[in-house]
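Student: My questions all concern the structure below.
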Amino acid sequence: MQELFRVVAAKDEENDKRLRNYTYIERNEEHKLDGDGQPKSTEAKTYEVMELYGEQVRRLIEKDDKPLSDKDKAKEEEKIQKIIDKRKNESDDDRKKREDKAEKDREDGRKFVREVADAYNFTLVGTEVLGGREAWVIDGEPRPGYEPHMKEAKFLPKFHGRVWIDKDDLQLAKMNVEAIDTVSIGLVLARIHKGTRMMLEQTRVNDEVWLPLHLTFKVDARVALFKGYKMDGDDTFRDYQKFRTSAKIVGLGDAKP
């Protein structure tokens, strides 16, 4: 099982690389909950996600499923234009520093994913069909005696979950994770309480990559040991379009109709 998860982790690294070749639409919906767990406010935002000069950028295109006002739309266009202008005038040294930092962040993420294979004992519980494809259903429980190699992995024993692995592609098709103990972040910055949940579904795109399709989460937390909050969310990802690396990025004012 550990070897299977190492293979899945390696494939996830490739997915991360290939995601940078795609633009897509991401919709985030968040519900703030009262003390009884009932929604007290809802906010939805929809973004166009793209890659500009090696940096992933999100452009807001809708609020609460309604197009932006002319004023808000102009602000978003101005934000994108500033990024383009900054990158066009970037020195070789600054660009290299930025790219090196981004690669280090990605490598840290890959190391974390690989640690998951060591942090849990896995049990095959059956098979299930997801999206017309057969997947293994595997439960993961914290492995006694696990010693993390990176500080970001120290909270892994605080979670357990179930994953669905596509049989043909050996890709992560679905993941359901739950906190089984309080998770402290920083010294006194925040605590995530037992029962916090996250579910991720992925989909096969262009017969070459598996990318996010649906993410839900329910968070019960306390910030700075004083302010508690409960929130759940539902994120969807759609309209994946492969970005042609030969395309030329120009300023918004330079684009011709």
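Each row is one residue, and each column tells you yes or no for (1) among the basic types (Lys, Arg); (2) closer than 30 Å to Asp232 by Cβ.
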site	(1), (2)
Val57	no, yes
Lys75	yes, yes
Asp85	no, no
Arg98	yes, no
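Student: So which strands (runs of 3 or more DSSP E) stay within the stretch 73-178 end to end and still have 3 or more residues that are charged (D, E, K, R)?
Tutor: 133-142
Student: Would you confirm whether any residue within the stretch 68-80 is hydrophobic (A, V, I, L, M, F, W, C), farther than 30 Å from Val8 by Cβ and touching a residue at least 60 places away in the same chain (Cβ under 8 Å)?
Tutor: Taking every residue of the stretch 68-80 in turn, at least one turns out to be hydrophobic (A, V, I, L, M, F, W, C), farther than 30 Å from Val8 by Cβ and touching a residue at least 60 places away in the same chain (Cβ under 8 Å).
Student: Please determine whether any residue of the stretch 22-33 is without any contact (Cβ under 8 Å) to a residue 24 or more places away in the chain, farther than 30 Å from Glu141 by Cβ and either touching a Cys at 6+ places or on another chain (Cβ under 9 Å) or not aliphatic (A, V, I, L, M) (or both).
Tutor: Within the stretch 22-33 (the criterion being without any contact (Cβ under 8 Å) to a residue 24 or more places away in the chain, farther than 30 Å from Glu141 by Cβ and either touching a Cys at 6+ places or on another chain (Cβ under 9 Å) or not aliphatic (A, V, I, L, M) (or both)), the answer is no, since none of the residues qualifies.
Student: Shifting gears a bit: List every residue pair whose Cβ atoms lie under 9 Å apart, where the two residues are 6 or more positions apart in sequence or sit on different chains, the first residue falls within the stretch 227-244 and is more than 8 Å from Phe217 (Cβ to Cβ), and the second residue, located anywhere, is loosely packed, with under 13 Cβ neighbours inside 10 Å and at pLDDT below 80.
Tutor: Gly228/Gly35; Lys230/Asp34; Lys230/Gly35; Lys230/Gly37
Student: For the stretch 200-257, give me each residue that is at pLDDT below 90, surrounded by 11 or more Cβ atoms within 10 Å (Cβ to Cβ), among the small types (Gly, Ala, Ser) and over 23 Å from Glu51 (Cβ atoms).
Tutor: Ala221, Gly228, listed by residue number.
Student: Okay, moving on. Among the candidates Ala153, Ala117, single out the residue that is within 25 Å of Arg204 (Cβ to Cβ) and in contact with a Phe, Trp or Tyr (Cβ under 8 Å, 6 or more places away or on another chain).
Tutor: Values: Ala153 fails: within 25 Å of Arg204 (Cβ to Cβ).
Answer to the check: Ala117.
Student: Then there's this: Taking only the stretch 101-138 into account, find how many residues are under 21 Å from the mean Cα position of the chain (by Cα) and among the acidic types (Asp, Glu).
Tutor: Number of matching residues: 5.
Student: Does Lys63 fit the bill of being at pLDDT below 90, over 20 Å from the mean Cα position of the chain (by Cα) and surrounded by fewer than 16 Cβ atoms within 10 Å (Cβ to Cβ)?
Tutor: Criteria not met by Lys63.
The values are calculated or read from the model by the stated rules, or taken from the named source; none is laboratory data. On a predicted model such as this, the values are computed, not experimentally measured, just so you know. Note that we place each Cβ from the backbone using ideal geometry, even for glycine, and neighbour counts take in every protein chain shown.
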